[in-house]
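One structure is given below, encoded as structure tokens.
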Amino acid sequence: MSVPPRSSAGAVARISLTYLALVALGALFSVPVAWMLSSSLHELAAVFAQPYRWLPSPLHWENYVRAVTLLPVGRFLVNTIVITVPVMAATLVSSALVAYGFARFRFPGRDALFALCLATMMLPGQVTMIPLYLLFARLGWVDTYLPLIVPSLFGSPFYIFLLRQFFLTIPGDSEEAALIDGASRLRIWWSVVLPQARPAVATVLIFTFIGTWNDFFGPLLYLNSPEKATLTLGLNLMKTQVLGSGVVEWNVLMAASLLVLLPNVVLFFVAQRQFIRGISMGAGK
Amino acid sequence: MKAEARQGWLFVSPWVIGFVLLTAGPMLYSLYLSFTSASLLSVPQWIGGENYRRMASDPLFYRSLANTAVYAGMGVPTGLLLALGLALLLNAPVRGIGFFRALFFLPSVTNTVALSLLWLWLLNPEFGLLNTALRAVGIEGPLWLQSEAWAKPALVLMSLWTVGGQAVIFLAALQGVPRELGEAAAIDGAGAVRRFFAVTLPMISPALLFNLIMGLVGALQVFTQAFVMTGGVQPGSEGGPNQATLFIVLYIYKKAFQEFDMGYASALAWALFVLIVGCSALAFRLARERVHYEGGQP
């Protein structure tokens, strides 16, 4: 009589119901992706067949070949990397410098300045996008990567916030010691603080990668020449081309979309923990 | 002491410079532009409040405002409810829960253009999965994006697929609720529903407010889906059947970068800015007494 039978039956029922709900909802959430994968491996006629056959046989991998040859996708990939890598580096360095300033120094106006920095996080970009476009046009930067890269040199409020919060949790002892040894603040920031902040650094790099790799609005505004397009912009160019032809090759469009999604998915599975940390920290302020 | 202040300013200077050059300066300039007849090349001519008068009698502006309000009004509450429901489910201490957490979160870390193409295909009236499934149970589905009535619900449906991010925030909040609180309430005879409303909901109310405001701000700025999914092949055709998906940001984009009507577009952008700030302030004010912060105000 140690375990009352009713409550144990209740627990089993509750767990079963939980699994039932999880599996049902999980299926509902995965079906679009399964359909995408299935469509991407069908020949064109099978995509429109009624009733729809889920399992393509044989697998038409040539859709993926067509997806990367229809437009210069290799070029798009290089362009995307050429933008993403500098943005990641610049965002991290500038945001971490500013975050260190807010975390470790006392100066008049600091708290007001930090509050202002947080407030700009909520600012809708539309209100600055027209003047910035005119500015970059005046500088002759339209149709170059500069408007997409240069702004990242000035720090990004969300990452400044995230890094500052992390720096505050690092005890200052080792910094004090280095300071007594005569190291400069910049040197301490680089070789004492940043190595201790690796989880936060990883989160910033991952979020910046995701944000830049998938950015559509920036490239749409600034990159006019098709050969300068990023993968995300190129995917939209492909859409326009494929939708404009007689029979829409949905199989090829789905293959191309999956290829663009792939790095995100891989990164997500490699760094799930950093994702969750970044998202929860954003909400915890 | 003085050296410390100087060094502090030096460290934060990148952001200060960026704030002046890329935020504050452009904001002021955009306010100025909204009172001019600026185009891409011409020198802006001061025309006073003409752009704002024009906005007040622009049917497309009202249309975009109404579209955005309907989209946010449908999408934000349903998104919050779904995310909260998912989070409660994902908080269950059962085996393999990590797998399900990843599964629901995954769609929200991906590429909006790729997801738009996927949903364009899912929502295809004739061959799309959604209408095929509906047909299998004897329902002839709507034309979705090609129908004036169903285009916005279609985009809301798509947005519900990416509530994983909000669910993660709710989940983190749920995991911060001390177990003893619920147990104490249970001992006092509170049922599961009452425990949820009396204990859990107040404890996670900061996350609720955060998700509400971020969801609202995001919905008011919806652009990419509408641009990719409701545009035809011709540039300028974006906006869906009878402008059903002409949202404010899409309208600003078209005015500014397809018609180069920069002055008017700046006025539209300021209207959106006021709308977003107003909505966020309203949400904060309404929530102030209802949101519970552990250990007092943050």
Boolean, B:Glu148 is closer than 30 Å to B:Pro125 by Cα and among the acidic types (Asp, Glu): yes
- request: Scan the stretch B:123-144 for residues that are out of contact with any Phe, Trp or Tyr (no Cβ under 9 Å at 6 or more places or on another chain) and in a helix (DSSP H, G or I) and report the count.
  value: 4
- prompt: Can you name the residue in the stretch A:86-103 that is free of Cβ contacts under 8 Å to residues at least 40 places away in the same chain and more than 7 Å from every other protein chain (Cβ to nearest Cβ) and, of all such residues, is surrounded by the most Cβ atoms within 10 Å (Cβ to Cβ)?
  reply: A:Val93
message: Return the pair list, or none, for Cβ contacts closer than 8 Å from residues in the stretch B:55-66 that are closer than 14 Å to B:Leu275 by Cα to residues that are of a type in the set (Phe, Trp, Tyr) and not in a helix (DSSP H, G or I), at least 6 apart or on different chains.
response: B:Ser64/B:Phe247
- line: If you go through A:Ile188, A:Ile130, the only one that is closer than 29 Å to B:Phe35 by Cβ, without any contact (Cβ under 8 Å) to a residue 40 or more places away in the chain and buried (at least 19 other Cβ atoms within 10 Å of the Cβ) is A:Ile130
field: Residues of the stretch A:157-172 satisfying the condition of being in contact (Cβ under 8 Å) with a residue 12 or more places away in the chain and either of a type in the set (S, T, N, Q) or buried (at least 16 other Cβ atoms within 10 Å of the Cβ) (or both)
entry: A:Pro157, A:Phe158, A:Tyr159, A:Ile160, A:Phe161, A:Leu162, A:Leu163, A:Arg164, A:Gln165, A:Phe166, A:Phe167, A:Ile170
Selection status of A:Phe209, facing chain B (nearest Cβ under 7 Å) and either within 20 Å of A:Thr91 (Cβ to Cβ) or modelled with pLDDT of 95 or more (or both): no
message: Cβ-Cβ distance below 6 Å, separation of 6 or more or different chains: which pairs start in the stretch B:98-111 with a residue that is at the interface with chain A (Cβ under 7 Å from one of its Cβ atoms) and end on one that is modelled with pLDDT under 90 and surrounded by 18 or more Cβ atoms within 10 Å (Cβ to Cβ)?
response: B:Val109/A:Phe268
message: Which pairs turn up if I take residues in the stretch A:234-259 that are more than 8 Å from chain B (Cβ to nearest Cβ) and in contact (Cβ under 8 Å) with a residue 12 or more places away in the chain and look for partners that are among the charged types (D, E, K, R) and surrounded by fewer than 22 Cβ atoms within 10 Å (Cβ to Cβ) with beta carbon separation below 6 Å, at least 6 apart in sequence or on another chain?
response: A:Val242/A:Glu249; A:Val252/A:Arg66
field: Test for A:Ser30: is it without any contact (Cβ under 8 Å) to a residue 60 or more places away in the chain and over 21 Å from A:Trp213 (Cβ atoms)
entry: yes
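The values are calculated or read from the model by the stated rules, or taken from the named source; none is laboratory data. Owing to the predicted nature of the structure, the values given are computational and were not obtained by experimental measurement. Don't worry about glycine lacking a Cβ; one is built from the backbone with ideal geometry, like all the others, and counts go over all protein chains shown.
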